[in-house]
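Below you'll find the structure, written out as structure tokens, and then a few comments.
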Amino acid sequence: MSMRYLGFVLLFLLPGVLHAQRAVFCPAPSLDGGYFVPEREQYSQGFKIIYACNEGRKPAVEGWWAEVSCEGGNWSPVPQCIEETSCLQLPKILHAKDTKGSDWYKQGRSVTITCDEGYEVLNGENTAVCSNGAWTSVPICEISPDACRAPPPIPHAVVVGLKYKEVFAENSEVRYECEDGYTVEGSESSKTITCSSGTWTEGPSCIDRTARDTGRGGSAGVGTSGGQSSSTGSRTQPVGGGGRETRPSTGRDEATAGGRGTGGGQSGSAAGGTAGGHSTSTSSITPASGGDSSGGHSRPAIIPVNQCGQYPVVTNGVLVETEPMYLKYQCSNFYKRVGPENVVCYSDGSWSERPHCEEDFCSVDAGQYTHFGEGRTGKLFIQKGQTGTHIPCAWSYYTSLFKCINGKITYTQCCTDYYHKAGRCSTFSH
């Protein structure tokens with residue numbers, strides 16, 4: 001009876017003994033130049049401690065204090081106090097590849113930036129430098145002038161083999177496939193277009209198989225007219241594939257794509273393309289949207305933007321909105337727009353006036369100001385305007401306010417935030 005009772009006790013206690021053997025603890029961290037709470041000899045799994053650093057140092061993470069957890073017998077992340085002049089990881093740069101390096105960098109260290117395909121660094125400067133706890137001359141990735149925007153849409157076709165993206169590097173290739181019931185006009189190789197010097201090569205045309213077999217119909221692509229025209233009186237209507245509208249005719253009209261009809265009367269083809277010629281019309285035609293029939297040469301009508309081919313590229317600008325009847329552009333940081341915000345497509349295949357982006361910043365060498373207490377070196381870009389940019393000084397919590405007004409630099413002495421807000425910092429000009 002006693003042996004059976006002892007066995008029962010052992011079975012009851014065994015799970016607790018095994019659990020005690022599996023328990024994992026973290027020893028108190030060794031933190032050079034800092035302190036933490038609470039202080040114990042060991043900490044259980046999942047326990048969190050808070051730490052801060054002595055004067056002249058800071059945690060190796062964002063903020064002046066940090067939290068770490070006991071995970072599997074180790075602290076995550078490892079608590080560490082680094083010099084205040086060191087820099088944490090470089091912030092993410094738009095359109096640049098992530099930098100693979102340390103969690104932090106010592107004073108004077110530099111990091112080289114590589115832009116994504118289709119982008120290049122502004123002014124060729126691809127290096128950021130750690131100076132007094134902050135990154136200076138952080139590179140900016142802008143669209144390369146040799147890159148292309150998204151390939152043009154082609155009626156009855158889709159792009160195959162890749163996901164949508166807004167920018168393609170030079171020499172990129174894109175392949176189209178026609179939808180069921182349509183076939184590519186020309187050779188099989190014409191299904192592929194290439195980005196060359198910022199422009200896509202001519203794309204394929206997808207035509208109706210039935211229309212092709214019967215010898216009728218025009219192509220549904222862009223860039224060629226194609227197809228026969230049937231005449232009804234003095235006006236012609238394209239048969240088969242769609243094209244661009246002609247401009248409204250008032251007397252003698254120079255059409256985008258012309259020719260003579262096959263029936264009675266002279267006619268201009270309404271299909272967009274490269275076929276030459278012009279038509280002389282004596283009949284009245286109602287102008288399309290945007291047209292002007294007041295006499296003389298009419299202003300081209302505004303048509304959908306997908307009928308003007310490759311979208312315009314604005315240097316230092318970004319296409320931010322694509323609507324059926326217009327494109328909207330926005331300038332990159334440190335640039336301002338001059339000219340119209342929206343661009344439209346005209347029925348003669350041309351684009352309306354596009355904006356251009358002018359420099360809107362002052363570029364200064366921070367090394368010229370270090371004897372005033374400024375802590376950065378290298379080139380700085382200061383946005384124009386009254387707001388200005390606070391540049392860290394050599395002393396903690398002190399900054400100098402730089403402004404770019406009418407192309408000239410003004411800057412204050414090194415002050416705390418309180419004195420800046422009170423307007424009690426002396427201002428100098430350069």
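In this label model, ASN306 and SER350 are separated by 2.5 nm, measuring between points 7 Å along each Cα→Cβ vector.
Measuring r between the beta carbons of SER196 and GLU41 and using R0 = 56 Å, the FRET efficiency lands at 0.20. Projecting label points 7 angstrom from Cα along Cα→Cβ for VAL158 and ASP98 puts them 3.1 nm apart. Evaluating 6.51 cos²θ - 1.76 cosθ + 1.60 at θ = phi - 60° for every residue in region 313-318, the Karplus couplings come out as 9, 10, 4, 6, x, 10 Hz, glycine and proline recorded as x.
Taking a 31 Å limit on the Cα-Cα distance, which of the listed pairs LYS48/LYS97; LYS165/LYS191; LYS92/LYS165; LYS92/LYS336; LYS384/LYS421; LYS48/LYS421 fall beyond it? Table pairs above 31 Å Cα-Cα are LYS48/LYS97; LYS48/LYS421. Here each label is just a point 7 Å from Cα along the line to Cβ, and for GLU323 and TRP395 those points are 5.4 nm apart. For the pair PHE25 and GLU71 in one chain, pulling the backbone fully straight at 0.36 nm per residue adds 15.7 nm over the alpha carbon distance.
Legend: calculated FRET efficiency, ASN333 to LYS421, from the Cβ-Cβ distance at R0 = 35 Å, rounded to 0.05, equals 0.85.
Computing FRET efficiency as 1/(1 + (r/R0)^6) for ALA169 and ASP32, where r is the C-beta to C-beta distance and R0 is 35 Å, gives about 0.15.
Sorting the segments 314-320, 40-46 by their mean number of nearby beta carbons within 10 angstrom, highest to lowest, gives 314-320, 40-46.
Partner aspartates and glutamates whose Cα lies under 15 Å from the Cα of LYS106, excluding those fewer than 8 positions away in the same chain, are identified as GLU83, GLU84. Under the convention that each Lys and Arg Cβ holds +1 and each Asp and Glu Cβ holds -1, the size of the dipole of region 43-162 around its Cα centre is about 180 debye.
The numbers here are math on the coordinates, done by the rules we state, and not lab data. The model shown is predicted, which means the values in this text are computed figures rather than measured ones. Reconstructed Cβ throughout: ideal geometry from the backbone, glycine too, with neighbour counts over all protein chains shown.
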